[in-house]
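The values are calculated or read from the model by the stated rules, or taken from the named source; none is laboratory data. Just so we're clear, the structure is a prediction, and the values are computed from it rather than from any experiment. Virtual Cβ from ideal backbone geometry, glycine too; neighbours counted across all protein chains shown. We work out accessible area using only protein heavy atoms, side chains counted, and drop any ligands, DNA or RNA first. Shrake-Rupley method; radii C 1.70, N 1.55, O 1.52, S 1.80 Å.
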Amino acid sequence: MTTNEATSKDGIHKETMGFQTEVKQLLHLMIHSLYSHPEIFLRELVSNASDASDKLRYAALSDSALLGTDPHLEIRISFDEKNRTITIVDNGIGMNRDDVIANLGTIAKSGTAEFVKHMTGDEKKDSQLIGKFGVGFYSAFIVADKVRVETLKAGETEAVAWESDGSGEFTIGAAEKTGRGTCITLFLKDEHTKFASDWELRSIIRKYSDHISIPILMLKPEMPAREEEEQQEEKAPEWETVNTAKAMWTRSRSDISDDEYKEFYHHIGHDYADPLKWSHNAVEGKLEYTSLLYIPAKAPLDLYNREMDRGLKLFVQRVFIMDKAEEFLPLYLRFIKGVLDTNDLSLNVSREILQKDPQVDSMRTALTKRVLDMLAKLAKNEPEAYQSFWKEFGQVLKEGPGEDFVNREKVAKLLRFSSTEEAKEEQTVALEGYISRMKEGQDKIYYITAESFNAAKSSPHLEVFRKKGIEVLLMCDRIDEWLMAHLNAFDGKSFEDIGRGDLDLGKLDSEEDKKALEEVEKKSEDLVKRIQDVLAEQVESVRVTHRLTDSPACLVVGANDMGAQMRRIMEAAGQAVPESKPIFEINPEHPLIGRLDSETDEDRFAELSKVLLDQAHLAEGGQLTDPGAYVQRLNKLLLELSGH
Ligand code: ADP
């Protein structure tokens, strides 16, 4: 809020306040970017009115007096063609003064707040972004140059009036309204007067709001009066219901069109974009519930924000209980949106009860399975759509094996990776595909983790695999090491990090390979010892490699040591990470190692060894502890080469 000056006009005390800066930005952007779909304002306001009715019904569970003499919840929409206004009235929970200031003056929802944070100022880019959000109440200003809200909170007596032209300020004061609920009047802009029409409003309601579970009423259009009626007294206006007015999820699947499913998603998901997929099921038996679960097409910006809105909208016996019921799905499926309606919980269930209720556990198990099955089906039948899902949510799904022991194998099937098979950054390789391409005698799934895709792709560790034509999964996402710490095996095949411990290629190595290696090892014993003496401080040990064909040396993480990614995650989380030194592996077949072996000057030998060690660090995409010393050493060697 920026200003706060009191004015007094028309005998009613009014105060003028400024919108939060972010609201101003949002309003500006919205008006400029959503002009091609101005009609969505009605969907947003009806959606709010319906939410307000849900909230009242819930509050009335513990205080039935709130419903008073007006127990039928409904939304009435009317218009005045002459004065160019539209009015949307609900008898829901209503708002008091504090509610109005908080809800209609600031941005409270984390998703929208996050969006505003991400706004670039580039109108074109931002307007693409805004498509991802439920734009809410402020969308009224797309069509109106003035909006007036009168509202009375259920159980209270002082009604509030709010008014704004959407440019930067709003006024707030007392209102005369006596009945509970909210009345919103839109004063239409010149270019949007067409919305003040019976036909327009009805068709928008049917298109966008048919699924709303309470009646949306409009006045019956006046029929041309017949002569004998003309003499009679004027009839009271008659209202009629325009929508289906039945909770959509209670209807049978075959009666619901795709468009209805999509519209319902916009309503509950506060997401303007269409969902990627949904699954609607009624379950009877030991548990009784109906679920309607959606996979969004795009990830919200706050997917990694701990406070992101997640969870399902919970209904008990069709009564709305709460938004964001988080207990029904694991964290790694936090992107799922939807509704759960059950007869198995009591109407006065609280969040605390949800956390302990064994029925909730059973439903969570069933719903988790439902989502994983929906994803498996998508992967199988619509690989392209699955790929777009993976791009948006793959990173989150990778949290699955660590969080959900029971479904580890199921989640593993859904994972996608980069691999040496195609060596492209897009993650398209499934474990099943990898297994189908395994070489004869191969009993492990090989992978490498690195700091970046390029570092993984050109890691020296891949050399022997390339030579033998064995596929390796390339992992460079922050979460990959953590994921692999929880994935021990898939389809009976264990995973092996090729940059860690002793590389055992098992049957993939021929007897000759093994013999040759033993011979080289024997021949290199002295050299290994010499290098070890020089690098004792920096490395755990030195040994002859099995992995390299083209590079002189590489670094290997000890079998039980922490990898670089994991180390960084732990350090970022402020945890002490035990020091560990790498193992230095040399390739005696390489001319540089041969050159090193023949070096008789001990100082030069030491310098060369250190350069090789630093290069091995660099080849991994790692950072040198003393880059300056490396450069000096290398330059000295270069000068010697050129005879200086
Ligand atoms: P959202 O509905 O996505 O939370 P909005 O900007 O549409 O965001 O609305 C902000 C808030 O204003 C709502 O969360 C609700 O608390 C309140 N509100 C809006 N319209 C109504 C209404 N008709 N009755 C009661 N409260 C409302």
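Does LEU301 qualify as being touching a residue at least 40 places away in the same chain (Cβ under 8 Å) and under 22 Å from VAL360 (Cβ atoms)?
Answer is no for this residue.
Across region 462-491, what is the number of residues that are surrounded by fewer than 13 Cβ atoms within 10 Å (Cβ to Cβ), out of contact with any strand residue (DSSP E or B) (no Cβ under 8 Å at 6 or more places or on another chain) and either assigned to a loop (DSSP other than H, G, I, E, B) or without any contact (Cβ under 8 Å) to a residue 24 or more places away in the chain (or both)?
2
Of all residues being basic (Lys, Arg) and exposed (fewer than 13 other Cβ atoms within 10 Å of the Cβ) in region 97-130, which is modelled with the lowest pLDDT? Just the residue, please.
Only one residue fits best here, namely LYS124.
Can you tell me which residue among SER436, SER494 is over 19 Å from ASP561 (Cα atoms), open to solvent by 10 Å² or more (accessible area, probe 1.4 Å) and not assigned by TED's automatic domain parsing to the domain that holds TYR332?
Exactly one residue qualifies, and that residue is SER436.
Do the conditions hold for LEU375, that is, is it at pLDDT 90 or above and within 19 Å of the chain's Cα centre (by Cα)?
Yes: the conditions hold for LEU375.
What residue, among those in region 135-149 that are in a helix (DSSP H, G or I) and not aliphatic (A, V, I, L, M), is farthest from the ligand (Cβ to nearest atom)?
Here the answer is PHE141.
Just for region 406-450: of the residues that are assigned to a loop (DSSP other than H, G, I, E, B) and among the aliphatic types (A, V, I, L, M), which one is farthest from the chain's Cα centre (by Cα)?
It comes out as MET438.
Among the residues of region 313-351 satisfying the criterion of being acidic (Asp, Glu) and in contact with a strand residue (DSSP E or B) (Cβ under 6 Å, 6 or more places away or on another chain), which is modelled with the highest pLDDT?
Across region 313-351, the extreme among qualifying residues is ASP341.
The rows are residues; the columns are (1) over 22 Å from GLU169 (Cα atoms); (2) surrounded by fewer than 18 Cβ atoms within 10 Å (Cβ to Cβ); (3) β-branched (Val, Ile, Thr).
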position: HIS28; (1), (2), (3): no, yes, no
position: GLU44; (1), (2), (3): no, no, no
position: ASP51; (1), (2), (3): yes, no, no
position: LEU61; (1), (2), (3): yes, yes, no
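Check region 528-544 and report whether any residue there is surrounded by fewer than 18 Cβ atoms within 10 Å (Cβ to Cβ) and under 30 Å from VAL406 (Cβ atoms).
no
Collect the residues in region 332-369 that are in a helix (DSSP H, G or I) and open to solvent by 70 Å² or more (accessible area, probe 1.4 Å), keeping them in residue-number order.
Passing the criteria: ARG351, GLU352, ILE353, GLN355, LYS356, PRO358, ASP361, ARG364, THR365, LYS369.
Do you know which of the residues in region 83-95 that are more than 14 Å from the ligand (Cβ to nearest atom) and farther than 20 Å from TRP239 by Cα is surrounded by the fewest Cβ atoms within 10 Å (Cβ to Cβ)?
Filtering region 83-95 for residues that are more than 14 Å from the ligand (Cβ to nearest atom) and farther than 20 Å from TRP239 by Cα, the one surrounded by the fewest Cβ atoms within 10 Å (Cβ to Cβ) comes out as ASN83.
Tally the residues that are open to solvent by 20 Å² or more (accessible area, probe 1.4 Å) and touching an Asp or Glu at 6+ places or on another chain (Cβ under 6 Å), restricting the search to region 299-309.
1
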